[in-house]
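The values are calculated or read from the model by the stated rules, or taken from the named source; none is laboratory data. Remember, it's a predicted structure, so these values are computed and weren't measured experimentally. We place every Cβ from the backbone using ideal geometry, glycine too, and count neighbours over all the protein chains shown. What goes into the accessible areas is simple: the full protein's heavy atoms, side chains included, and nothing from ligands, DNA or RNA. Shrake-Rupley method; radii C 1.70, N 1.55, O 1.52, S 1.80 Å.
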Amino acid sequence: MLGLAFVVMFILMGLLAPWIAPHDPLATSWSAIRKAPSVAHLFGTDEIGRDVLSRVLWGARASLLAGVVSVCISLALGLPIGLLAGYLGGWTDGLISRATDAMLACPFLILAIALAAFLGPSLTNAMIAIGISATPIFIRLTRAAVLSVKVEDYVEAARAVGNPHLRIVLRHILPNILAPLIVQATLAIAAAVIAEASLSFLGLGQQPPAPSWGSMLNTAKNYIEQAPWMAIWPGASIFLLVLSFNLLGDGLRDALDPRHS
Amino acid sequence: MGKYLARRLASILPTLFFVTVLIFGLQQLLPGDAAVVLAGEDQDPGVIAHLREKLHLDKPFPVRYAYWLGGVVQGDLGESLRIQKPVTELIVEKLPVTIQLAVMAMLIALVIGITAGVVSAVLKGTAWDYAANIFALWGLSTPNFWLGIMLILLFSVQLGWLPASGYVSPFEDLKANLAAMIMPAFVLGNAIAAVLMRHTRSAMLQVLNSDYVRTARAKGLHEHVVVLKHALRNALVPIITLGALEFGTLLSGAVLTEQVFSIPGFGKLIVDAVFNRDYAVVQGVVLFTATAYITLNLLADLAYFLVNPRMRG
């Protein structure tokens, strides 16, 4: 519940950023360079006088968008491919499984960095890169779930009465494999938020001057002695958002998966 | 054993094939004419023509792949266009630094993760168990580049105990080397410690409920002998094999950690290559990483096979 509450808080933060941010996140001020937290700037200001609190609030948008869109891409690719592999079996399954193994052999972030490097640096490309890199996990999970469900009596019965394959998959198999996928999707959002922050930290995600927590940290590391507040708040925000999704994922697993209760 | 090894080796060949297709296929993602993009700022038509010929860019995809794969199987991963050195040489040069970082990180992760996992399982339901679980959640949720920056703030800026960045070879000055590597190794080990803690906890809980542990207790053995000698020794097998699978996390984390602490290792090599648009290096590093991962996976499987008599059937 705590995880859900924090996730909702971050969503509201992102949605309401234009109204609740005290300053324009892009407005620079030469008279307020690297000012420590004060009443005028609760989280302080950055190296060109921008308000850190406003940038943190707006940065929630990039992180949440990246987390959710990347996982939607992974699901959109992984679910149908996993269904195909699990349901058809045979050489289709063999081919898909070997390709999935190959993708899983490349460490997640390194594959995402390579994809983002070839696609070019931008938030959209970072989301595509993260989404593709996380796809094999969903293929494997879907395939395994389909394999255990397709031998159930009700699927056999649906087949015996002459239902077409597509109907069996969509009406009888899909609804029964959704629970583990929902849990995995929630945990994958946490991983995607860290991945987007990592890519932005390396300069491969959200491009400046648009606010993103990862790119704020990238700049902040150069001013760690003079302005530590520049690093504390965006990092703490990533930590809290990721923690919230991890808590939510753990909670959903306990609720939806009887083996973990 | 021989049969199992042969079957396992045969199963990695198609995976390796797909890995090479995937990594070579990355080049297809480059927008526009690949030769122009690879030439970078140097738009000299001579350079572009040279690149097109050298990389067989005027040939169809399967032919280019065959040329590339031919080089790869002979250990030739291409040449860095910016540094003008073979990619294999660059990897061999940078690898020892990352291996040292990874080994130190893994040792830290094993000590923290296994200790926390054992304590949490033995004292299940107590405050220690909750504390260990909170530690695991913290480790899984903290972005390691942020943890690195915060440790620099504390130990370098505020306390002045450790250097904020820089790398010294252990052969030059071991003390300075360890001082420079301890923070990055801790940052890298932190997330893996969390994963190992969770594995250790569940493996220990399972073992502590088994018959032989009950027998050991019934014999009147001291509890610490039961936990350390009887339970942990058996729980360690899956923990060590799962630990080997954390190699990917280790390398992904090294990319960011090396960036934060300016360590000239493998991770910095790929990031620099990305910014120099040195695509052969990017491909080479990913291919090397994937192959290393598959090999480690195989070794972990074999180790599991050797120590687990039930699998030998």
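Here are the numbers for this structure:
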item	result
Mean Cβ neighbour count within 10 Å, used as a protection proxy, ranking B:8-15, B:191-198, A:159-166 highest first	B:191-198, B:8-15, A:159-166
Helical segments meeting 15 Å axial Cα length and Kyte-Doolittle 1.6 threshold in chain A (DSSP H)	A:2-20, A:52-88, A:108-119, A:174-201
Region B:21-43-region A:1-21 distance, computed between alpha-carbon centres (Å)	40
Over region B:2-87, equivalent-ellipsoid semi-axes from the Cα gyration tensor in Å	32, 14, 11
Per-peptide average of other Cβ atoms within 10 Å, ordering B:262-273, B:21-32, B:146-157 highest first	B:262-273, B:146-157, B:21-32
Inter-centroid distance (Cα atoms) of region B:173-189 relative to region A:73-92, Å	44
Cα centroid of region A:152-175 to Cα centroid of region B:194-241, whole Å	44
Built amide H within the under 5 Å cut-off of A:SER29, gap 5+	A:GLY49, A:ARG50
With all protein chains modelled, accessible area of B:LYS219 [1.4 Å, Å²]	140
Solvent-accessible surface ranking, highest first, for B:GLU79, A:GLU47 at 1.4 angstrom	B:GLU79, A:GLU47
Descending Cα extents along the principal axes, the protein assembly as shown, whole Å	72, 62, 59
Amide H contacts of B:GLU79 (H built 1.01 Å from N, under 5 Å, at least 5 apart or other chain)	B:VAL87
Ordering of A:185-195, A:29-39 by burial proxy (mean other Cβ atoms within 10 Å per residue, highest first)	A:185-195, A:29-39
Lys pairs under 29 Å by Cα in the protein assembly as shown, provided they are eight or more residues apart or on distinct chains	16
Relative contact order (percent, whole number), region B:88-312, Cα cutoff 8 Å, 6+ residue spacing	28
Average partner coverage of A:112-125, which counts Cβ from other chains inside 10 Å	5
Region B:59-179, relative contact order in percent, only Cα pairs under 8 angstrom and at least six apart counted	8
Integer Hz, Karplus 6.51/-1.76/1.60 couplings in order for region B:27-34, x for Gly and Pro	4, 5, 6, 4, x, x, 6, 4
Relative contact order computed over chain A (Cα-Cα under 8 Å; 6+ residues apart), in percent	25
Chain A - convex hull of the alpha-carbon atoms, volume per residue in Å³	139
Within 10 Å of each Cβ in A:93-106, the average number of Cβ atoms from other chains	6
Percent breakdown of C-alpha pair distances by 5 Å bin, ordered from the shortest bin, for region B:166-313	2, 8, 12, 13, 15, 14, 12, 9, 7, 5, 3, 1, 0, 0
Average partner coverage of B:289-295, which counts Cβ from other chains inside 10 Å	4
